[in-house]
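Enquirer: Starting off with a structure, shown below.
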Amino acid sequence: MPFDLNSVWFALVGVLLIGYAILDGFDLGVGSLHLFSKTDEERRLLLNAIGPVWDGNEVWLVTAGGALFAAFPDVYATVFSGFYLAFMMLLAALIFRAVAIEFRSKMPQKIWRACWDVSFSASSILCSLLIGVALGNIARGIPLTAEKEYAGSFLDLLNPYALLVGLTTAALLMMHGSIYLVLKTENPLHDKIRVWVQRTMIAFIVLYALTTMATLVYVPHMAEPFKRRPIFFALPILGLLAIANVPREIHHGHDFRAFVSSCAAIAALLALFGVGLYPNLVLSRPDPQYSLTIYNAASSAKTLSIMLAIALIGMPLVIGYTITIYWIFRGKVKLDRTSY
Amino acid sequence: MDVLTLSRLQFAFTIAFHYIYPPLSIGLGVILVIMEGLYLKTRLPLYRQMAKFWVKIFALTFAMGVATGIVMEFEFGTNWATYSRYVGDVFGSALAAEGIFAFFLESGFLAVLLFGWDKVGPAMHFVSTLLVALGAMFSAIWIVVANSWMQTPAGFHVVGEGMKARAEITDFWAMVFNPSSMNRLSHVVLGAWQAGAFLVLSVSAYYLLKKRHIEFAKSSMKIGLVVAAAASILQLVTGHQSARIAGQYQPAKLAAFEGHYAENAPADAHLFGWVDEKNERVIGLKIPGFASWLLSNDAQRPVKGLRRFAPADRPPVNATFQFFHIMVAIGIFQILLSWLGLWCWRRGTLFQARGLLWIFVFSVLGPQIANQAGWFAAEAGRQPWIVYGLLRTSEGLSKTVTANMVLSSLIMFTFIYLLLFALFIFLLDRKIRGGPEEEEIPTEEYRRHPYAIRP
């Protein structure tokens, strides 16, 4: 991996996406599981477990989008216009999730709350699936023209491999969300959610195994870098160890360590994806010469270096705010008059 | 309809709907800082009660802003992919800076504002409010910088030819401080302060008329009135400057503001009118030479007219004219209204002047309409360019997106946004009718640890 600005920006966009997957990932997971809790009090507890932080977590996606626009405008343009309908669905889901969280507890009526519960859950599941399907298609490769335009249709995006990655992503985020909830809840709800961790984890492991097999068989180019540089095998091993560590920590009551393990697993999986993709950003299939790479899709070196300065000033601040906010809202979630 | 019309409609609709909310957040942010600052200084429970109430309204506008804002960031790529490829090198950095410097700050500390009353001390809560207000302001900075670059591009050069051409940054600071950015930023921020201040005025006046929460309403009204009066009068200065900059850098836009066609004649200013685009004249009430005088202190100075531009390079004249005049008229009205309020306050009749209070109740619509009209004038006046003088709007479209796709997403947004708007108004109305929560009479313990007890 040459150390040039383009590669640095490949890594930085990756870091933003990992930040999004880890942080908003548990929000999406909690939302996806929302309907499995039955009483209004339980639902409010789950909602308020993410209440103070989900909004800031979503900003990671907004910033990743902005960074992609600035650093690799062709990727931003090709993918966003090429996946038009998928992105419109994602937008609808993100809008409904945001307002469902905000509006749900504003009125006491059962029907009001039930409607927002369903839209919160459905939109969270849809977001997870769509993000996974997008990742799956990027890994698999999409048809591109010499003019860097997407040449497929919306239905082409719903191929079996991408759908499998979508399901795996949804299961991963549900697992991650339930581990976060174990950390934030207490008493009977806590015990109930420990069961969710087990179930979502089994679902994820099965789907992950299937995805790995499908990748090796149908998307072998993602495995090439690992053959060339076996050192990268550390990533999948790290991911597996992190996953395996979760039930151990939960068993010993170390909920926070379990959550950290789950974060590490997500980071390792996305890093795996990044290594497989590099130096491409969007792989063209069947004409690999049209692929968008970190060189042919990038902004000028001047812009990349300006953006690097912005990132070097901004990211420590962002990490500072994030730690401050999580520290203020640490501990088990309790309902009070300001809660959702 | 073709894909160009549909994409423009969708962008106009989604940005106009989005722009209802961020100005309210920016404006209320300033007012919250004042209220919490007063609380920190005086420890009067009234100020805390005010802050708590307006934080709830703020949260509602903020949530709507977030939900509809993410659409905007995606739409550049989904509908305007060719534009995105062309400007990404320049425009993208401003957008990314907005995420890093503004959105993290405001959405992070908003949590403390909403849920942190018991978790942090009053000083830390005040600091959080300040940071959220600053974050909201920063978000205005970067997006206005990006938009101003589209109006008056600077600090870049065009690389490549034909389909492969794109703008690349040569001087970052020249791009940030392009000829119109700082002026337009101040104009936008003051417009946002007006939006927040007139909302506070409106709700306070409503309570006074209904004889509810009297002390709360009086105190809120005073703060709202001061901000409204200051912002409204300053808006005159930034607006004037804005027109001068447009005259210098976007002469076709300025000419459209006043429907000024003559190639080399002094320009008139109209109080109101209608542009007959076919016969290239304006029917209406005008002050001869006044626009020339405003632009150059000389009523005889000729101003570049629309006939200097080929019809294909002219903006939609009548639409631009009307939007501009609606904005100016409301702006002037708001100055008169807010300063009349200040005068009544000085005379001690403000809280009894029922007629004025009723006007205040409806004055919340003023900044909303003026902000929308101002943006429509600015954006319609830039046409037919998406980046002034460089790239036409019709050239910026996504090549892979069809009219049917845009039609379906436009229908989707129309449906979702109408639903959201109805819910927003419903919940806002409920919160306003519900009023502020009554504060406990301060006990000795409360005096020592004002934040430890729930009201």
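Enquirer: Inspect region B:221-231 for any residue being crowded, with 21+ Cβ neighbours inside 10 Å and within 28 Å of B:Gly381 (Cβ to Cβ) and give the result as yes or no.
Expert: Yes, the conditions are met somewhere in region B:221-231.
Enquirer: Could you check region A:220-266 and list, in sequence order, the residues that are outside any helix (DSSP H, G or I) and open to solvent by less than 60 Å² (accessible area, probe 1.4 Å)?
Expert: If the condition is that a residue be outside any helix (DSSP H, G or I) and open to solvent by less than 60 Å² (accessible area, probe 1.4 Å), then A:Gly253 is the only one that fits.
Enquirer: Can you give me the number of residues within region B:291-324 that are over 17 Å from B:Glu263 (Cα atoms) and touching a strand residue (DSSP E or B) at 6+ places or on another chain (Cβ under 7 Å)?
Expert: So the count comes out to 3.
Enquirer: Please tell me if B:Trp345 is farther than 30 Å from B:Ser84 by Cα, assigned to a helix (DSSP H, G or I) and open to solvent by 50 Å² or more (accessible area, probe 1.4 Å).
Expert: Taking the combined requirement at face value, the residue satisfies it.
Enquirer: Return yes or no: is B:Met1 surrounded by fewer than 18 Cβ atoms within 10 Å (Cβ to Cβ) and either of a type in the set (Val, Ile, Thr) or over 26 Å from B:Gly374 (Cα atoms) (or both)?
Expert: For B:Met1, the condition - surrounded by fewer than 18 Cβ atoms within 10 Å (Cβ to Cβ) and either of a type in the set (Val, Ile, Thr) or over 26 Å from B:Gly374 (Cα atoms) (or both) - is met.
Enquirer: Looking at the structure I just gave you, is A:Ser7 open to solvent by 10 Å² or more (accessible area, probe 1.4 Å) and part of a helix (DSSP H, G or I)?
Expert: It is false that A:Ser7 is open to solvent by 10 Å² or more (accessible area, probe 1.4 Å) and part of a helix (DSSP H, G or I).
Enquirer: Also, quick follow-up: Taking region B:308-331 only, how many residues are in a helix (DSSP H, G or I) and either touching a Leu at 6+ places or on another chain (Cβ under 6 Å) or open to solvent by 80 Å² or more (accessible area, probe 1.4 Å) (or both)?
Expert: Going through region B:308-331 one residue at a time, the tally reaches 2.
Enquirer: May I ask you to verify whether B:Thr414 is modelled with pLDDT under 90 and among the polar types (S, T, N, Q)?
Expert: Spelling it out, it is not the case that B:Thr414 is modelled with pLDDT under 90 and among the polar types (S, T, N, Q).
Enquirer: Sticking with this one: Pick from region B:161-215 the residues that are of a type in the set (Gly, Ala, Ser), open to solvent by less than 60 Å² (accessible area, probe 1.4 Å) and free of Cβ contacts under 8 Å to residues at least 40 places away in the same chain: which of them is nearest to B:Ile369 (Cα to Cα)?
Expert: Result: B:Ser181.
Enquirer: Now, a different point. Taking only pairs six or more apart or across chains, which ones have beta-carbon atoms under 6 Å, a first residue in region A:206-219 that is without any contact (Cβ under 8 Å) to a residue 60 or more places away in the chain, and a second residue that is open to solvent by 60 Å² or more (accessible area, probe 1.4 Å)?
Expert: A:Leu207/A:Leu167
Here is a yes/no grid of residues against (1) in contact with a Leu (Cβ under 9 Å, 6 or more places away or on another chain); (2) among the aromatic types (Phe, Trp, Tyr); (3) within 30 Å of B:Leu407 (Cβ to Cβ):
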{"position": "B:Leu4", "(1), (2), (3)": "yes, no, yes"}
{"position": "B:Arg8", "(1), (2), (3)": "no, no, yes"}
{"position": "B:Phe17", "(1), (2), (3)": "yes, yes, yes"}
{"position": "B:Pro23", "(1), (2), (3)": "no, no, yes"}
{"position": "B:Pro45", "(1), (2), (3)": "no, no, no"}
{"position": "B:Met50", "(1), (2), (3)": "yes, no, no"}
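Enquirer: Are any residues in region B:384-411 within 14 Å of chain A (Cβ to nearest Cβ) and among the hydroxyl-bearing types (Ser, Thr, Tyr), and if so, which ones?
Expert: Correct list: B:Ser398, B:Thr400, B:Thr402, B:Ser408, B:Ser409.
Enquirer: Just to confirm my filter: which helices (runs of 4 or more DSSP H) fall fully inside region A:71-153 and include at least 2 residues that are free of Cβ contacts under 8 Å to residues at least 12 places away in the same chain, open to solvent by less than 20 Å² (accessible area, probe 1.4 Å) and within 30 Å of A:Leu5 (Cα to Cα)?
Expert: Answer list for region A:71-153: A:73-82.
Enquirer: When you go through (1) within 23 Å of A:Val30 (Cβ to Cβ); (2) open to solvent by 20 Å² or more (accessible area, probe 1.4 Å); (3) not acidic (Asp, Glu) one by one for A:Leu189, which number turns out not to apply?
Expert: It fails just one condition, (2).
Enquirer: Name the residue that is modelled with the highest pLDDT, counting only residues in region B:98-123 that are open to solvent by 20 Å² or more (accessible area, probe 1.4 Å) and small (Gly, Ala, Ser).
Expert: Top of the filtered list is B:Ala123.
Enquirer: Oh, and also: Exactly one of (1) within 11 Å of chain B (Cβ to nearest Cβ); (2) β-branched (Val, Ile, Thr); (3) farther than 19 Å from A:Phe69 by Cα is unmet by A:Ile310. Its number?
Expert: Unmet for A:Ile310, out of (1) within 11 Å of chain B (Cβ to nearest Cβ); (2) β-branched (Val, Ile, Thr); (3) farther than 19 Å from A:Phe69 by Cα: (3).
Enquirer: Within region A:267-284, does at least one residue satisfy the condition of being assigned to a helix (DSSP H, G or I), free of Cβ contacts under 8 Å to residues at least 40 places away in the same chain, on the phi < 0 side of the Ramachandran plot and surrounded by fewer than 19 Cβ atoms within 10 Å (Cβ to Cβ)?
Expert: No; the residues of region A:267-284 include none that is assigned to a helix (DSSP H, G or I), free of Cβ contacts under 8 Å to residues at least 40 places away in the same chain, on the phi < 0 side of the Ramachandran plot and surrounded by fewer than 19 Cβ atoms within 10 Å (Cβ to Cβ).
Enquirer: Then there is this: Taking only region B:361-413 into account, find how many residues are outside any helix (DSSP H, G or I) and charged (D, E, K, R).
Expert: Of the residues in that region, 2 qualify.
Enquirer: Now a separate question. Quick check on my filter: what residues within region A:34-53 are open to solvent by less than 10 Å² (accessible area, probe 1.4 Å) and more than 7 Å from chain B (Cβ to nearest Cβ)?
Expert: If the condition is that a residue be open to solvent by less than 10 Å² (accessible area, probe 1.4 Å) and more than 7 Å from chain B (Cβ to nearest Cβ), then A:His34, A:Ser37, A:Leu46, A:Leu47, A:Ala49, A:Ile50 are the ones that fit.
Enquirer: If A:Pro160 meets every condition in (1) open to solvent by less than 60 Å² (accessible area, probe 1.4 Å); (2) under 28 Å from A:Thr78 (Cα atoms) apart from one, which number is that one?
Expert: (1)
Enquirer: Give region B:55-75 a look and list any residue that's among the aromatic types (Phe, Trp, Tyr), within 19 Å of the chain's Cα centre (by Cα) and open to solvent by less than 10 Å² (accessible area, probe 1.4 Å), or say none.
Expert: B:Phe58
Enquirer: If only one of B:Leu336, B:Leu295 is part of a helix (DSSP H, G or I) and free of Cβ contacts under 8 Å to residues at least 12 places away in the same chain, which one is it?
Expert: After ruling out the rest, the residue left standing is B:Leu336.
Enquirer: Additional query: Are any residues in region B:258-287 closer than 17 Å to B:Asp298 by Cβ and either part of a strand (DSSP E or B) or in contact (Cβ under 8 Å) with a residue 40 or more places away in the chain (or both), and if so, which ones?
Expert: Matches in region B:258-287: B:Glu258, B:His260, B:Ala262, B:Asn264, B:Ala265, B:Pro266, B:Ala269, B:Ile287.
Enquirer: Could you tell me how many of the residues in region B:348-360 are at pLDDT 90 or above and either assigned to a loop (DSSP other than H, G, I, E, B) or under 30 Å from B:Ala378 (Cα atoms) (or both)?
Expert: So the answer is 2.
The values are calculated or read from the model by the stated rules, or taken from the named source; none is laboratory data. A quick note: this is a predicted structure, and the numbers were derived from the prediction, not measured. FYI the Cβ positions are ideal-geometry reconstructions off the backbone, even for glycines, and counts take in every protein chain you see. For the accessible areas, the whole protein counts, side chains as well, though only heavy atoms, and no ligand, DNA or RNA atoms are used. Shrake-Rupley method; radii C 1.70, N 1.55, O 1.52, S 1.80 Å.
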